């Protein structure tokens, strides 16, 4: 009887679509109940990062990651179609390899000596990215 109750409880945690859904504000224990134990966990200060294997680490370049602040979910970055974050993720959309290979490498417009050391950035749209104006030495950067 207990076994049936445990299975019923675990089934209720999984949506009918088969995706494990992670919600903002969810505690770490509930994330682990839905996704299982993370492959790797890192903590720095109040931030905790739970890394999960997703099967596309080589092709998509990353593990799935759940970010917690003070023990509660604040963001999730998923590449696995078996997982979904119900909040607004900071993850950029996944781009197909063909589209990524067509992207042009661009440099911000020159104009200051600091610009010459600026790193290359990829432009997916073919447009040049907006350049940030460096702060003058006697000015504090704007927040």
Relative to the present Cα-Cα distance, how much length would full extension add between residue 100 and residue 33 at 0.36 nm per residue of separation?
-> 20.6 nm
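Relative to the present Cα-Cα distance, how much length would full extension add between residue 21 and residue 81 at 0.36 nm per residue of separation?
20.5 nm
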What is segment 15-85 by shape, rounded, prolate or oblate, if you read a ≥ b ≥ c off the alpha carbon gyration tensor as root eigenvalues and call it rounded for a/c under 1.5, prolate for a/b larger than b/c, and oblate otherwise?
-> oblate
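Computed from the coordinates by the stated procedures, all read-outs in this text should not be read as laboratory data. Owing to the predicted nature of the structure, the values given are computational and were not obtained by experimental measurement.
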